[in-house]
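Everything on this sheet refers to the single structure shown next.
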Amino acid sequence: MKDVLIDLRDLVVEYDGERVLNGLSLQIRDKEFVTFLGPSGCGKTTTLRIIGGFIEPVSGDVFFDGKRINSLPPYKRAVNTVFQRYALFPHLNVYENVAFGLKVKRLPEKEVHSRVEEMLEMVGLRGYERRGVAQLSGGQQQRVAIARALVNTPRVLLLDEPLGALDLKLRKEMQTELKRYQQQMEITFIYVTHDQEEALTMSDRVIVMRDGEIQQEGTPQDIYNEPINAFVADFIGESNIIDGVMLHDFLVEFAGVRFDCVDKGFGEMQLVDVVVRPEDIRVVSPGEGKLTGVVESVIFKGVHYEIMVDAHGYHWKIHSTLPQEVGSFIGMTVAPGDIQIMHRMEAGE
Amino acid sequence: MKLHTRLASVPYLLWVVVFTIIPLLLIIVFAFTGTDGGFTIENISAVGRYTDVIMKSIWLAAIATGVSLFLGYPLAYIISRHSARQQNVSLMLIMLPMWMSFLLRTFAWMTLLEKTGVINRLLGLAGLGPFELINTSGAVVLGMVYNYLPFMILPLHSVMVKIDASVIEAAQDLGASPLRVFFKVVLPLSMPGISSGITMVFVPAVSTFIISRMLGGGSNLMIGDLIDMQFLGNAYNPHLGSAISLVLMVIILLCMSIMNQFDDDVDVEGVLR
Ligand SMILES: Nc1ncnc2c1ncn2[C@@H]1O[C@H](COP(=O)(O)OP(=O)(O)O)[C@@H](O)[C@H]1O
Ligand SMILES: [Mg+2]
């Protein structure tokens, strides 16, 4: 890759003999918006802290712009961080918090002033300069934290679940704003979240992690449409995951029924996981579809109804714009292109 | 509800009145009356004769406070960056000597510092000394530091544990070298601990009389010794003793208010968050 900015190679991190990162390798391009997505404890923060310089890997290498920086201390890196709980300086006011990095670099007072003001303007905190940070709301503290990092115009901004503490509405607003800052300032953003929706809406590229390993990386569309295994499928959006057998190319059997599909190359009679998104199951009259079942429950979700159907020994989740009667029989079909086949995950993996 | 809380506070109010306010008033009365019971400011002006003793007390206590701060600050900081368990053990070790009698501890230093004491004998083996260790100002300062160091470390530690590690990381992240992290973040955030540590060491040090008597010999008289002499010693003069006490109190109050000035620079609310 040409414009690789950060190159992580075979990173291993251990705490008390416990492997937290297990040979993680990853390249991050310049000006990219990359998101680490995964359940709590999968090593997202740890990876971020390696890039920030707060921990050194047991083995493996960290390259930044072609230079190995494994043991370069944080204050010498062209990287800034928005910490999970903001970590604002409690003894400084808003202005002083944002000016901290510039003052440390001993920039002329005048330049500090104009850059801080410009940054406060951008995050909408003009007029709050003299406020103590303890008197700000969560959303405002968040903006100070972002301004404090961005004012240094780092090559890379690390954001560790920055919106986790905000309410839904504010979170949506901030998502859009962060994306705007990233494009406006042309800075590489490395974003950590366990919220799949956040990851899908903001990122150029999503890295799905689990137990210190990368499961899949790709564009949000790739990850959503072509999950590489049942874990990714389950973690990204809702899905029905069913045991299946790949009979031969383009033919799979699951729930006791044979389906045409678009996958090949699995070999004959191969055990597989079959993933079907709830919105990809179409409701038809009983007997018309390949599957027939009883409606167990119907929940209104705003845009759609979430319908649970008991059919062929499985509980199926369907998203449909039309409600169904609980207890009624319905038929279900799935288009070949909406059936995703993936290698069976081994037990405990 | 309101009546209850008011009733509950009665014993404490009584306590304060009987054991704090009345004695304080008595001291004031004694300080401003003569042996005949009439009003006079003679006692207060007589305190002026002891200016050198008072200055020396303040000087020795200030040195001891400075040394305690110098020794206690790094120690408190190091302790505060360890795990909760390690912190508890360290703090216990620091407080351990305080479980023994103050007199005994100071007496132990006498036997160490004496002309024929442990230290001089050890030095003698190496062909050095004997040195004049005891009955010096240095011995008094040493005794103060030894006895009051925990009072410096504890308040410093309790403020420092509240400094969030991520705030320090944020400073590093923004380009601050370890030295600048210290001066721009750790030091300002530990100001409240510094000022209460200074108060907690300076106040008992400036008014001590045991340490100066046991380790300082006759030449290192302190305010505490003066007061002691007026009440329990040959000089017996409670009126003068009260006057000196009053002056001492004013000195301490002055020192504390100066310390509080420093405190105001720091947003304590924020620190404790
Ligand atoms: N300082 C530490 N000491 C011991 N274990 C840690 C430490 N930091 C993280 N861990 C462990 O490492 C694993 C990954 O943590 P982390 O990177 O914070 O996960 P995430 O950010 O994805 O939730 C977790 O199991 C966590 O318990
Ligand atoms: Mg985390």
Mean 1/r over all different Cα pairs, inverted: what Kirkwood radius does region A:115-225 give, in Å?
15.2
Can you compute the helix-only [θ] at 222 nm over chain A? Use -39500 (n - 2.57) per DSSP H run of at least 4 residues, normalise by all residues, nearest 500 deg cm²/dmol.
-7000 deg cm²/dmol
Grab the alpha carbons of region A:70-176, take their convex hull, and tell me the volume per residue in Å³.
110
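Let me know the charge dipole size of chain A about its Cα centre in debye, to the nearest 20, where only the beta-carbon of Lys, Arg (+1) and Asp, Glu (-1) is charged.
Details: 38 positive and 52 negative charges, 403 e Å.
Magnitude of the dipole: close to 1940 debye.
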Taking R0 as 25 Å, what's the FRET efficiency between B:Phe19 and B:Ile210 from their Cβ-Cβ distance, rounded to 0.05?
0.65
At R0 = 30 Å, FRET efficiency that the Cβ-Cβ distance of A:Asp195 and B:Ala165 yields, to 0.05
0.75
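Quote the FRET efficiency, to the nearest 0.05, computed for B:Ala8 versus B:Ser257 with a Förster distance R0 of 30 Å and r equal to the Cβ-Cβ distance. Kindly include the intermediate steps, with their values, before the conclusion.
Values: r = 32 Å, r/R0 = 1.06.
Taking R0 as 30 Å, the efficiency between B:Ala8 and B:Ser257 is 0.40.
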Hey, what's the Kirkwood Rh for region A:240-343 if you take every pair of different alpha carbons, in angstrom?
13.9
Return the average number of partner chain Cβ atoms within 10 angstrom of each residue Cβ along peptide B:174-185.
5
With unit charges on the beta carbon (Lys/Arg positive, Asp/Glu negative), name the residue among A:Gly132, A:Tyr191, A:Pro227 whose Cα is farthest towards the positive pole of the charge dipole of region A:4-230.
A:Gly132
Inter-site label distance for A:Glu268 and A:Arg131 at 7 Å from Cα along Cβ, in nm:
7.1
So which lysines can A:Lys301 reach, going by Cα to Cα under 18 Å and dropping same-chain residues fewer than 8 places off?
A:Lys169, A:Lys317
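Based on Cα coordinates alone, diagonalise the gyration tensor for the protein assembly as shown, multiply each eigenvalue by 5, take square roots, and list the semi-axes in whole Å, largest first. Spell out each step's value before the answer.
Numbers: eigenvalues 1027, 160, 126 Å².
Listed largest to smallest, the semi-axes of the protein assembly as shown are 72, 28, 25 Å.
May I ask you to list the GluC sites (Glu not before Pro) in region A:127-215 that are in a DSSP loop and have at most 12 other Cβ atoms within 10 Å of their Cβ?
On the way: sites: A:Glu129, A:Glu173, A:Glu177, A:Glu186, A:Glu197, A:Glu198, A:Glu213; in loops: A:Glu129, A:Glu186.
When the GluC sites (Glu not before Pro) of region A:127-215 are filtered for loop state and at most 12 Cβ neighbours within 10 Å, A:Glu186 remain.
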Could you give the dipole magnitude of region A:240-343 about its Cα centre, charging the beta-carbon of Lys and Arg +1 and that of Asp and Glu -1, in debye to the nearest 20?
180
Cα atoms only: what Rg and Dmax, in Å, come out for region A:4-230?
17.6, 56
Please give the charge dipole size of the protein assembly as shown, origin at the Cα centre, charges +1 on K and R Cβ atoms and -1 on D and E Cβ atoms. Round to the nearest 20 debye.
2780
Under a plain spin-label model, where a point goes 7 Å from the Cα along Cα-to-Cβ, how far apart in nm are B:Thr35 and B:Leu179?
6.4
Given the options B:Ile163, B:Met92, B:Gly193, identify the residue whose Cα lies farthest towards the positive end of the charge dipole of chain B (+1 on Cβ of Lys, Arg; -1 on Cβ of Asp, Glu).
B:Met92
What average number of partner chain Cβ atoms lie no more than 10 Å from the Cβ of the residues making up A:128-136?
2
Full-extension gain between A:Lys76 and A:Glu226, please, as 0.36 nm times their residue separation minus the C-alpha to C-alpha distance.
50.0 nm
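Normalised radius of gyration for region A:263-311, please: alpha carbon Rg relative to 2.2 N^0.38 Å, two decimal places. Working shown, then result.
Values: Rg = 14.6 Å, N = 49, 2.2 N^0.38 = 9.7 Å.
Cα-based Rg divided by the globular estimate yields 1.51.
Can you give the alpha-carbon Rg of region B:51-229 over 2.2 N^0.38 Å, where N counts its residues?
Values: Rg = 19.1 Å, N = 179, 2.2 N^0.38 = 15.8 Å.
Working it through for region B:51-229, the quotient is 1.21.
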Per-residue ellipticity at 222 nm attributable to helices in chain B (runs of n ≥ 4 DSSP H, -39500 (n - 2.57) apiece, nearest 500 deg cm²/dmol) works out to -22500 deg cm²/dmol
Three-way shape call for region B:1-70 based on the alpha-carbon gyration tensor, with the a/c threshold at 1.5
oblate
Suppose each label sits 7 Å from its Cα in the direction of the beta carbon; what would the B:Leu112-A:His312 distance come out to in nanometres?
8.5
Could you work out the pair-distance distribution P(r) of region B:1-125 from its alpha-carbon pairs, with 10 angstrom bin width and percents rounded to whole numbers?
9, 14, 22, 27, 20, 7, 1, 0
Convex hull per residue volume in Å³, alpha carbons only, for region B:159-219
110
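No value in this document is a laboratory result; all are computed from the given coordinates. These figures come from a predicted structure and were not determined experimentally. Positions of Cβ are generated from backbone atoms using ideal geometry, with glycine treated the same way; all protein chains shown enter the neighbour counts.
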